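**Student:** Take a look at this one; I'll ask things after.
The values are calculated or read from the model by the stated rules, or taken from the named source; none is laboratory data. None of the values given here were measured: they were computed from a predicted structure. All Cβ positions, even for glycine, are placed from backbone atoms using ideal geometry, and neighbour counts span all protein chains on display. Please note that ligands, DNA and RNA were not included when accessible areas were found on the heavy atoms of the full protein model with its side chains. Shrake-Rupley method; radii C 1.70, N 1.55, O 1.52, S 1.80 Å.
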Amino acid sequence: MAELAELEDPKARAVNEKHGDDHGVNLGKLRALAKRLKTQQELARGLWGTGDTAARLLSLLICRPKAFERDELDAMLREARTPKVHDWLVNYVVKKNPHAEELRLAWSADPDPVVAGAGWALTTERVAKRPAELDLAGLLDVIEAEMKNAPDRLQWAMNHCLAQIGIEHAEHRARAIAIGERLEVLRDYPTSPGCTSPFAPVWITEMVRRQHGKTVA
């Protein structure tokens, strides 16, 4: 904790707080510290227990993802209220845990929109890597009905799933693009030069072009 305190940078904190993350540690330096510590599950649990955002981010880099029980991960997600901790927990830990599918189903139906967003993030992972037995048309039905009025972080996760379906599954691409056009979610999201817009029709079209060297009708 003392070493993390020494890495505190007011400028980094100012930038991070604009995104809802209450810490001031440069993530490159945090990763370097994690590389030196290597995997230490008990230290990871101790760091998580402090409640400090930088400590929790470090804990997620040095933990053993498969060592957590289902209920432990569920509790951790509900405690992870800052976006970066939430994202790293889902992407670096839950996706590699044997309980990921069980949690995906439970979280997707949760009334807490932040928890539901984690469920959608896990669904997006399956759309891309293990789509077998997923009802893609049914997912598009839910997105079409609920994404427009969903809270921000849930909306973002649903939009990512919409784009992933359109990118990975040609048979659903036209419908995914049509849903995006009709709902106009993130159409005007500010995008840096050289980056792809998160507006699903633009995102889908650009990624398909890159992957297959062709345009989308």
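**Student:** So which residues in the stretch 20-50 are at pLDDT below 95 and not in a helix (DSSP H, G or I)?
**Tutor:** Within the stretch 20-50, 20, 21, 22, 23, 24, 25, 26 qualify.
**Student:** Something else now. All but one of (1) open to solvent by 70 Å² or more (accessible area, probe 1.4 Å); (2) more than 30 Å from residue 146 (Cα to Cα) hold for residue 19; state the number of the condition that does not hold.
**Tutor:** Checking residue 19 against (1) open to solvent by 70 Å² or more (accessible area, probe 1.4 Å); (2) more than 30 Å from residue 146 (Cα to Cα), the one that fails is (2).
**Student:** Can you tell me which residue among 104, 187 is modelled with pLDDT of 95 or more and surrounded by 15 or more Cβ atoms within 10 Å (Cβ to Cβ)?
**Tutor:** Matching residue, one of 104, 187: 104.
**Student:** Restricting attention to the stretch 190-207, and to residues there that are among the aliphatic types (A, V, I, L, M) and out of contact with any Ser or Thr (no Cβ under 8 Å at 6 or more places or on another chain), which single residue is surrounded by the fewest Cβ atoms within 10 Å (Cβ to Cβ)?
**Tutor:** Step by step, filter the stretch 190-207, then rank; the result is 204.
**Student:** Next up: Specify the residue that is nearest to the chain's Cα centre (by Cα); the eligible residues are those in the stretch 55-98 that are hydroxyl-bearing (Ser, Thr, Tyr) and in a helix (DSSP H, G or I).
**Tutor:** In this case the residue turns out to be 92.
**Student:** Within the bounds of the stretch 82-91, is there any residue that is within 25 Å of residue 154 (Cβ to Cβ), in contact (Cβ under 8 Å) with a residue 60 or more places away in the chain, open to solvent by 30 Å² or more (accessible area, probe 1.4 Å) and among the basic types (Lys, Arg)?
**Tutor:** Scanning the stretch 82-91 turns up at least one residue that is within 25 Å of residue 154 (Cβ to Cβ), in contact (Cβ under 8 Å) with a residue 60 or more places away in the chain, open to solvent by 30 Å² or more (accessible area, probe 1.4 Å) and among the basic types (Lys, Arg).
**Student:** List the residue pairs whose Cβ atoms are under 7 Å apart, where the first residue sits in the stretch 134-148 and is under 14 Å from residue 177 (Cα atoms), the second is open to solvent by 60 Å² or more (accessible area, probe 1.4 Å), and the two are 6 or more positions apart or on different chains.
**Tutor:** What qualifies is 140/175.
**Student:** I've got another one for you. Can you confirm whether the stretch 164-177 contains a residue that is closer than 18 Å to residue 108 by Cβ and open to solvent by less than 60 Å² (accessible area, probe 1.4 Å)?
**Tutor:** Yes: one or more hits.
**Student:** Any residue at all in the stretch 52-64 that's open to solvent by 70 Å² or more (accessible area, probe 1.4 Å) and closer than 26 Å to residue 126 by Cβ?
**Tutor:** Yes; the residues of the stretch 52-64 include at least one that is open to solvent by 70 Å² or more (accessible area, probe 1.4 Å) and closer than 26 Å to residue 126 by Cβ.
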